[in-house]
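Below you'll find the structure, written out as structure tokens, and then a few comments.
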Amino acid sequence: MTKNTWTLIAVAVVLAALYVFQFADLRGRPRIQINVSSRPFMPNAGPDDVLPILFGFDRDLAITALRVTPLSLLTNRTAGSPEPKPVWQLRAKAASEPVRGFRYGDPIGQTEVVSGPEKLIPAIGYRLEIEAGKLQGSVDFVPQAALSPGN
């Protein structure tokens, strides 16, 4: 084979490797798929209450850490500023029971409360970050105001 043939083969191999590296997501840790939903039934809701928020996963997970933080605190951070204070934070005491989902503020298996849960504010964005062993995931959500009947 000629030198040009070897060069073309080398270029093809490099391009194929770059394609696989870029689109196969081999670089990062495995991610958790998180679904967020609200349940629109709160008969005795006050004007500043939010609809119950449910989080669901693509598989059963033994949660080792959980944190909910307002997006405004995350996006307005400057270099050297302290870590933003979460409105709800949990940490696993021991091997937690695997769960498929949970409701904001509810206890989850063998986790201990580090802070919160504080009352969420309607129309303010929050980020949920979860760790389950090597897996991690996050999702942004905005709670909706719960309007009681007659308001």
Fewest first, what order do 58, 49 take by the number of other Cβ atoms within 10 Å? 58, 49
First measure r as the distance between the Cβ atoms of residue 123 and residue 15, then evaluate 1/(1 + (r/R0)^6) with R0 = 35 Å and state the FRET efficiency to the nearest 0.05. 0.15
Over the range 34-141, equivalent-ellipsoid semi-axes from the Cα gyration tensor in Å: 21, 20, 13
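Calculate the FRET efficiency for residue 5 and residue 100 from the Cβ-Cβ distance with a Förster distance of 41 Å, rounded to the nearest 0.05.
Values: r = 55 Å, r/R0 = 1.33.
After rounding, the FRET efficiency stands at 0.15.
Coordinate-derived values only; no laboratory data. Just so it is clear, the model here is predicted, and its values are computed rather than measured. Glycine gets a Cβ as well: all are built from the backbone with ideal geometry, and neighbour counts include every protein chain shown.
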